[in-house]
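The values are calculated or read from the model by the stated rules, or taken from the named source; none is laboratory data. From a predicted model like this one, the values you see are computed outputs, not experimental measurements. Cβ placement follows ideal geometry from the backbone for every residue including glycine, while neighbour counts extend to all protein chains displayed. Accessible surface areas use protein heavy atoms only, side chains included; no ligands, DNA or RNA. Shrake-Rupley method; radii C 1.70, N 1.55, O 1.52, S 1.80 Å.
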Amino acid sequence: HSDKVTNDAKATFAEAGAVKVLLESLLDVRDLDLQDGLLRILSDLVQDPALQAKQAAEEFKDFVLTDNGGADVVLELMKGNLKNKTRVTAALYTLAGVVTLIPDAASTMATELGSKVLIQTVWKYWSCGDTRRRSLMLLRRMRDAKPDLTAFMLKHWKASLAAMECGQSEDPDAATPEGTPEPVVEATPEVAQEEAGDERDDRDGNAVGDEGIGAVEEAEGAPEDQLEQAEMPLESCEMSQLDEETLEAVQPEEGRGPQTRESVAASPEPEAAPGNKLMTEAQLPREMRHFLALLKVHRFEQKSHILAIPDVVKAIVDFKDDPELSRLGMRALMSGTAMEQEMRLPTIGRCPNFVKSVRRIMHKESMQEVLQLQLRLVLGILDNDPSDYQDWVECAVFATVKVLQATVVWTTNSWEVILQAIEEAICTPQGKILLQNFNVALSLYKEWEKLKDSHDDALAKMIVSSFHDQTERILEIIG
């Protein structure tokens, strides 16, 4: 009976357009318990489809009394109150419900306030799977909606990581007295050097980057509690693969009733981000290390700097089974002008374990564009005589096979790269054996015959005209 009364009350709220009223009340009310109660009602309205959740989410997004809609109200309630697990849980349910129903609402949440509060939430509840994952999902959506936040997010994330590794823990709820400077985590020499480079770039207008080596090999994450999520809002069709994995990871187990938000909030509060206890990045949950890797790759895209190359490579190596991150990393490494790419290649070739990871990534890759990009990267590294030259030759042969299988439409550039890769492999005994084992001669011959038979295709005729002698010579050698 009480459930029916509660549902009827929620329906009345929904019909009356109560989201606006609730947000206005949250701006005015100072009683903490009342704030928590209103926030819980708000979170229900933006999640339950039966209560016109989509309409409620629209009202939340379009709230006019703040600069960024209802997100400003909820984030302000979280700021300085992260010890209140009930409030944090309700706030995250509200924000996640809105951004899931209305994906572009992430742009209104994408502020420095939102980034800082959610990063603090992740670190305070790092061992609480549900809270951590939901906060990270929101941070990813916000960064995607406003890429300019990348540097800000990375700065605050690295400060939290440095504090953890030094055995320190900052209290996100502690207010800084007016006129008192905020505590600053001392930067390492590498970070200080990179930040100085960024400051020079801001003055000179040049594109540079940041960060030193940061990602680490995958390891077992820190212990997680077994909290499970209550009903999730409907998934958006624009969700990333990691967001989908996040939502699946917190679904209730089959055969169990869904947990209520109250039961999650009432669970024993997890240990805060460890203080006075030395930890390393490798002990953090995978999602946290993955988010840092994404930030570093995105930052490299914005300001590429040779000092940041090892970070991007490590991100690819550490998360080589993540297609999204590996593709993003490869594109970042091969971005910019031909001269910029050429300057990076020696450093890339010296990064440990990269060749094995590239081979594994290629094995799972099927996109023509990405495979051709990977082959160009491999050839560029080979041109710089890496210490593990033979391993890269094997990688080049494998990439050639994959490109021949995946390419539907050839261009003069893609055909030239294929011929260069084969010529590189021919120069070594092991390369010749691999070309024979993979039957590259037959695959190349078939594609070559298709091009010669495409009499009405101007591009095919251009390829045949430009590379006839070179292709025929290579076919004779490897055939």
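So, in region 100-130, of the ones that are in a helix (DSSP H, G or I) and touching a residue at least 60 places away in the same chain (Cβ under 8 Å), which residue ends up surrounded by the fewest Cβ atoms within 10 Å (Cβ to Cβ)? Full working, then the answer.
Step one: list which residues in region 100-130 are in a helix (DSSP H, G or I), which gives 100-101, 103-109, 112-124, 129-130.
Narrowing the set further to residues that are touching a residue at least 60 places away in the same chain (Cβ under 8 Å) leaves 100-101, 103, 122-124, 129-130.
Working: Thr100: 26, Leu101: 23, Pro103: 16, Val122: 25, Trp123: 26, Lys124: 27, Gly129: 22, Asp130: 24.
Residue satisfying both the conditions and the ranking: Pro103.
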Revision key, fill the gap. Pairing a residue in region 381-403 that is aromatic (Phe, Trp, Tyr) with any residue that is open to solvent by 20 Å² or more (accessible area, probe 1.4 Å) and in a helix (DSSP H, G or I), where Cβ atoms lie under 7 Å and the two sit 6 or more apart in sequence or on different chains, gives Phe398/Arg359
Practice item. Look through Lys461, Lys450 and report the one residue that is under 19 Å from Val401 (Cα atoms), out of contact with any strand residue (DSSP E or B) (no Cβ under 7 Å at 6 or more places or on another chain) and assigned to a helix (DSSP H, G or I). Key: Lys450
Check your understanding: Limited to region 450-461, what total is found for residues that are loosely packed, with under 15 Cβ neighbours inside 10 Å and either within 21 Å of Ala399 (Cα to Cα) or not acidic (Asp, Glu) (or both)?
Key -> 6
Revision key, fill the gap. For region 27-49, the count of residues that are touching a residue at least 40 places away in the same chain (Cβ under 8 Å), within 33 Å of the chain's Cα centre (by Cα) and in a helix (DSSP H, G or I) equals 6
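One line per residue, one yes/no per condition, for (1) more than 16 Å from Glu447 (Cβ to Cβ); (2) open to solvent by 60 Å² or more (accessible area, probe 1.4 Å):
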{"position": "Asp388", "(1), (2)": "yes, no"}
{"position": "Asp391", "(1), (2)": "yes, yes"}
{"position": "Ala399", "(1), (2)": "no, no"}
{"position": "Leu404", "(1), (2)": "no, no"}
{"position": "Glu416", "(1), (2)": "no, yes"}
{"position": "Glu424", "(1), (2)": "yes, no"}
{"position": "Cys427", "(1), (2)": "yes, yes"}
{"position": "Gly431", "(1), (2)": "yes, no"}
Exercise for review: Scan (1) open to solvent by less than 50 Å² (accessible area, probe 1.4 Å); (2) part of a loop (DSSP other than H, G, I, E, B) for the single condition Val409 breaks and write down its number.
Suggested key: (1)
Point to revise | Among (1) part of a helix (DSSP H, G or I); (2) in contact with a Pro (Cβ under 9 Å, 6 or more places away or on another chain); (3) not hydroxyl-bearing (Ser, Thr, Tyr) - the single one Pro386 does not satisfy | key: (1)
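Hey, does region 431-447 have a residue that's outside any helix (DSSP H, G or I) and free of Cβ contacts under 8 Å to residues at least 60 places away in the same chain? Explain how you work it out, then say what you get.
First, pick out the residues of region 431-447 that are outside any helix (DSSP H, G or I): 438-439.
Now restrict to residues that are free of Cβ contacts under 8 Å to residues at least 60 places away in the same chain: 438-439.
Within region 431-447, one or more residues are outside any helix (DSSP H, G or I) and free of Cβ contacts under 8 Å to residues at least 60 places away in the same chain.
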